[in-house]
1. So the check is Cβ under 7 Å with 6+ separation or different chains; which pairs have a first residue in the stretch 27-45 that's under 20 Å from Ala218 (Cα atoms) and open to solvent by 40 Å² or more (accessible area, probe 1.4 Å) and a second one that's in a loop (DSSP other than H, G, I, E, B) and at pLDDT 95 or above?
2. I'd like to verify a number: residues in the stretch 92-135 that are open to solvent by 30 Å² or more (accessible area, probe 1.4 Å), over 18 Å from Arg177 (Cα atoms) and of a type in the set (A, V, I, L, M), how many?
3. Pairs under 7 Å by beta carbon, first residue touching a residue at least 12 places away in the same chain (Cβ under 8 Å) and at positive phi in the stretch 93-113, partner of a type outside the set (Asp, Glu) and open to solvent by less than 30 Å² (accessible area, probe 1.4 Å), six or more apart or different chains?
4. Within the stretch 194-215, how many residues are of a type outside the set (Asp, Glu), in a loop (DSSP other than H, G, I, E, B) and more than 16 Å from Leu6 (Cβ to Cβ)?
5. Does the stretch 44-58 contain at least one residue that is hydroxyl-bearing (Ser, Thr, Tyr) and within 19 Å of Ile162 (Cβ to Cβ)?
6. Could you please find all residues in the stretch 191-223 being over 23 Å from Ile162 (Cβ atoms) and either of a type outside the set (Ser, Thr, Tyr) or touching a Phe, Trp or Tyr at 6+ places or on another chain (Cβ under 9 Å) (or both)?
7. Restricting attention to the stretch 142-169, report how many residues are outside any loop (DSSP other than H, G, I, E, B) and open to solvent by 40 Å² or more (accessible area, probe 1.4 Å).
8. Return yes or no: is Arg89 crowded, with 19+ Cβ neighbours inside 10 Å, charged (D, E, K, R) and farther than 25 Å from Gly43 by Cβ?
Amino acid sequence: MPDALLEVDGLDAFYGDFQALFGVSLRVEAGAIVAVIGANGAGKSTLLKGIAGLMGARPEAIRFAGVAIGGGPAYRTVARGIALVPEGRRLFPSLSVEENLLIGGQLGRPGPWTLSRIYELFPVLAERRALPAPALSGGQQQMVAIGRALMSNPKLVLCDEISLGLAPIVVRDLYARLPSIVNEGAAVVIVEQDIMQALAASDHVYCLQEGRVALSGAAGTLSREAIAAAYFGV
């Protein structure tokens with residue numbers, strides 16, 4: 001098969017002596033939306049951290065645009081074109097909305113995403129640009145986190161639990177922006193516990209169970225029974 005934008009091959013990950021991932025493999029094609037689902041503790045966030053250069057890994061275990069990048073460092077991973085939207089948003093509370101966004105563009109990677117383009121994608125942020133980040137609602141803070149990642153003009157966006165703690169109407173609004181991101185040339189990996197939302201939004205789905213890939217396939221081909229069996233390990 002031709003090289004994908006991202007190829008994860010036999011990735012192991014450890015927290016000290018505890019092994020969190022066991023030989024995980026995954027492919028992300030350019031322009032695709034890939035969902036990673038699984039119960040709490042399945043290894044979803046660890047997988048994204050590994051791809052982002054925040055976890056140790058064999059260089060050949062992670063290839064991006066044909067180049068072995070496993071093991072980081074994280075700043076070089078961002079410079080190559082991978083951006084992480086972390087779980088919990090991790091905004092800088094002492095900075096304004098606009099300052100949080102500008103931090104994402106510090107590397108000066110060329111591409112379509114500018115401050116004005118972010119405000120087009122999320123108009124409410126333009127209205128609140130001068131406010132400190134904690135003054136925003138949870139959904140608006142998630143928009144800032146996504147916008148900050150896009151400001152680095154990535155080819156791959158990793159979104160960790162973007163719906164966590166948000167009202168369903170807000171989640172639907174955030175997911176409605178994903179096609180705009182893909183249309184600008186980026187692939188997206190979403191870690192999600194909401195199975196139906198993941199299936200509706202993605203082209204391909206991987207289900208992790210206790211640190212291993214229990215199921216993978218095109219989103220439209222996986223039955224609910226197969227997903228439930230992989231998700232719960234039954």
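The values are calculated or read from the model by the stated rules, or taken from the named source; none is laboratory data. A quick note: this is a predicted structure, and the numbers were derived from the prediction, not measured. Backbone-built Cβ (ideal geometry, glycine too); neighbour counts: all protein chains shown. Accessible surface areas use protein heavy atoms only, side chains included; no ligands, DNA or RNA. Shrake-Rupley method; radii C 1.70, N 1.55, O 1.52, S 1.80 Å.
1. Between residues of the stretch 27-45 that are under 20 Å from Ala218 (Cα atoms) and open to solvent by 40 Å² or more (accessible area, probe 1.4 Å) and residues that are in a loop (DSSP other than H, G, I, E, B) and at pLDDT 95 or above, the close pairs are Glu29/Leu5; Ala30/Leu5.
2. 7
3. What qualifies is Gly111/Asn153.
4. Total meeting the criteria: 1.
5. Yes, the stretch 44-58 contains a residue that is hydroxyl-bearing (Ser, Thr, Tyr) and within 19 Å of Ile162 (Cβ to Cβ).
6. Glu210, Arg212
7. Looking only at that region, the number is 2.
8. Spelling it out, it is not the case that Arg89 is crowded, with 19+ Cβ neighbours inside 10 Å, charged (D, E, K, R) and farther than 25 Å from Gly43 by Cβ.
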